[in-house]
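For reference, the structure is listed below as structure tokens.
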Amino acid sequence: MTSEAGRKEEEISKVKIRSKTHVKPGKIIGRKECQLVTFDLPYLAFYYNQKLLFYKGGEFEEQVEKLKDGLRVILEEFYQLGGKLGKDEEGVFRVEYDDDMEGVEVLEAIADGLTVDQLAADESTSSFKDLIPYNGVLNLTGLHRPLLSVQLTKLKDGLAIGCAFNHAILDGTSTWHFMSSWAQICRGSNSIAAPPFLERTKARTTRVKLELSFPPNPVASSNGHTDQAPQLREKFFRFSEAAIDKIKSKVNSNQPSAASKPFSTFQSLAVHIWQHVTQARCLKPEDYTVFTVFADCRKRVDPPMPDSYFGNLIQAIFTVTAAGLLLANPSDFGASVIQKAIEAHNAKAIEERNKEWEAAPKIFEFKDAGVNCVAVGSSPRFKVYDVDFGWGKPEGVRSGSNNRFDGMVYLYQGKSGGRSIDVEITLEAGAMELLEKDKEFLMQV
């Protein structure tokens, strides 16, 4: 560890939690119950979904009061986040809310030695761990702990807002809908642009009974021995608007046929990442590699659901090819594989996947993402830099250390705006070392 990294670790270890309170909706809601549906249930064995936003300036105590006041108001609409997981008499999981529940957990902390610029410059997640609650906490524990925990940390020159959301009750679209709505209220609005659509059973009505218990030791493998997990590294890569445009035009310069549909920005960047990660892994030509994208299905299901649908309405779309084929062909080959898989995932495919899952429910674990996989979550379409609570836009938006495995990729709107995209990648350490030196990947050629 370099002395600089050591110093940073030291600063982080100086995060002190000063208080823990709970915030409830500002009005009486009454008893509410909402069944979790087939789109939600597979994520019970994922971990809480962690997001970190950091801001420059401001007076900490005032910011905390404003955030808590805004939270009281916004929870009147998003009250499910103030509830708990539960089960009905038939063993079907649901979200339960009652006015006597404790609500959202709010931690106040101080990290006087840490600056906003230090956080912005950190290309890993090492300095974020103590700024976001619920590290290594499974969604299933939402049976007896809050479904949202927020940590507000006073930095040397700003504020960090670390949120842990229970992924069994909401996806990325709902997460950022909540965050932007909360910010809107804090900026002085009396109402939000789009209230959440809370009727999950409009997307799926099937009642699935699950017998779930906690793994005896999440680290232990099925043979009872603790696996020596490979050392993973996370890295944050920034692709400018010019780099994104160059990647997209390169992929589209070699269209399979005149009638082919152009490749989107997402498909172009996805194949760029998939090829270069596969190369960095030094796979044999005959080794399979899987590409997975967690796709928003709000507009794919029949009937379509509104953008404001609150819950998980995502499905993993998988596609596979041999490493040799992916690397020997121009990038349009891989882009075409991805494009076909995404386009084939229509209402009929979603329905078939749901029926198959309901017949034999399988709780996802990361190893299910596929062999030598690249799995993309989050989306550059989320307007994360518009989350302004009244003291300006965030200086940075990042994911926490939960839900990371070899090949996990998070895409964010680029801080520099326009078509720029920020890419967080987790890889086995040896592969990451090769990837971060790959000038073609970094678009430095």
Query raised in the report: When only C-alpha pairs under 8 Å and at least 6 residues apart count, what is the relative contact order of the range 77-193, in percent?
Result: 26
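Please get the size of the charge dipole for the chain, origin at its Cα centre, with Cβ charges of +1 on Lys and Arg and -1 on Asp and Glu, quoted in debye to the nearest 20. Before the final figure, lay out the partial values.
Values: 55 positive and 60 negative charges, 134 e Å.
Taking the Cα centre of the chain as origin, the dipole is about 640 debye.
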Requested in this report: Would you please classify the overall shape of the range 143-216 from the alpha carbon gyration tensor, given that a ≥ b ≥ c denote the square roots of the eigenvalues, rounded means a/c under 1.5, and beyond that prolate means a/b larger than b/c while oblate covers the rest?
Outcome: oblate
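If I stretch the segment between Glu343 and Glu436 completely, what's the gain in nm (0.36 nm per residue apart, minus their alpha carbon distance), one decimal?
Values: separation 93, 0.36 × 93 = 33.48 nm, distance 3.16 nm.
Full-extension gain reported as 30.3 nm.
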Report task. Once you've got the GNM for the chain with C-alpha springs shorter than 10 Å, pick whichever of Ala229, Ala45, Ala280 has the biggest mean-square fluctuation. Result -> Ala229
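With the convex hull built on the Cα atoms of the range 277-348, state its orientation-averaged projected area in nm².
On the way: hull surface 23.2 nm².
Here the figure is 5.8 nm², rounded to one decimal.
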Query - Amide hydrogen neighbours beyond the local backbone of Ala375, cut-off 5 Å, H modeled - result: Thr292, Met408, Val409
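Can you give the charge dipole size of the range 229-380 about its Cα centre, rounded to the nearest 20 debye, using +1 on the beta carbon of Lys and Arg and -1 on the beta carbon of Asp and Glu?
Numbers: 18 positive and 16 negative charges, 73 e Å.
With Lys and Arg at +1 and Asp and Glu at -1, about 360 debye.
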Query raised in the report: Just the Cα atoms of the chain, one point each, no solvent: what log10 I(q)/I(0) does Debye give at q = 0.06, 0.08, 0.09, 0.12 Å⁻¹?
Result: -0.25, -0.46, -0.59, -1.09
Report summary line: Counting only residues 5 or more apart in sequence or on a different chain, those whose built amide H sits under 5 Å from that of Val106 are Thr21, His22, Val23, Val150
Query raised in the report: Among the DSSP beta bridges whose two residues both lie in the chain, what percent are antiparallel, rounded to the nearest 5?
Result: 80
Query - Reachable aspartates and glutamates, given that their alpha-carbon falls under 17 Å from the alpha-carbon of Lys156 and they are not under 8 places away in the same chain - result: Glu9, Glu10, Glu11, Glu59, Glu61, Glu62, Glu108, Asp112, Asp117, Asp122, Asp130, Glu395
Report summary line: Given the candidates Ala359, Ile338, Ser401, the one whose Cα lies deepest towards the positive end of the charge dipole of the chain, counting +1 at each Lys or Arg C-beta and -1 at each Asp or Glu C-beta, is Ile338
Query raised in the report: Could you give the distance between the Cα centres of the range 352-372 and the range 405-443, to the whole Å?
Result: 27
Query raised in the report: So how exposed is Ser253, as accessible area in Å² (1.4 Å probe, rounded to 10)?
Result: 90
Report summary line: Checking Ser124, Ser174, Ser189 against a Gaussian network model of the chain (alpha-carbon springs below 10 Å), the top fluctuating residue turns out to be Ser189
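Kindly identify the range 26-98 as rounded, prolate or oblate by the Cα gyration tensor criterion: order the square roots of the eigenvalues as a ≥ b ≥ c, call it rounded if a/c is under 1.5, otherwise compare a/b with b/c, prolate if a/b is larger, else oblate.
Working: a/c = 4.06, a/b = 1.69, b/c = 2.40.
Cα axes put the range 26-98 in the oblate bin.
Contact order normalised by length for the chain, with contacts defined as Cα pairs under 8 Å and 6 or more residues apart; what percent is it? The partial results should precede the final answer.
Details: 883 pairs, mean separation 98.0, N = 445.
It comes to 22 percent, rounded to a whole number.
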Requested in this report: Mind checking the range 265-367 for chymotrypsin sites (Phe, Trp or Tyr not before Pro) that DSSP puts in a loop (not H, G, I, E or B) and that have at most 15 other Cβ atoms within 10 Å?
Outcome: Phe364
Requested in this report: Once you have the Kirkwood Rh of the range 1-141 from its Cα pairs, apply Stokes-Einstein at 37 °C and 0.692 mPa s and quote D in µm²/s.
Outcome: 186
Query - 10 Å Cβ shell holding at most 15 others, DSSP loop, GluC sites (Glu not before Pro): longest site-free stretch of the chain - result: 366-445
**Report entry** Value of relative contact order over the range 5-97, rounded to a whole percent, pairs C-alpha under 8 Å and six or more apart
**Finding:** 42
Query raised in the report: Tell me which lysines have Cα within less than 29 Å of Lys202's Cα, excluding those fewer than 8 residues away on the same chain?
Result: Lys24, Lys27, Lys32, Lys51, Lys84, Lys87, Lys299, Lys340, Lys348, Lys355, Lys362, Lys383
**Report entry** Low-density loop cleavage sites - chymotrypsin sites (Phe, Trp or Tyr not before Pro) in the range 109-203, where at most 10 other Cβ are within 10 Å (DSSP)
**Finding:** none
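The values are calculated or read from the model by the stated rules, or taken from the named source; none is laboratory data. Quick caveat, the model's predicted, so the values are computed rather than measured. Counting neighbours? That spans all protein chains shown, and the Cβs are built from the backbone with ideal geometry, glycine included. Surface areas here come from the heavy atoms of the whole protein model, side chains and all, with no ligands, DNA or RNA. Shrake-Rupley method; radii C 1.70, N 1.55, O 1.52, S 1.80 Å.
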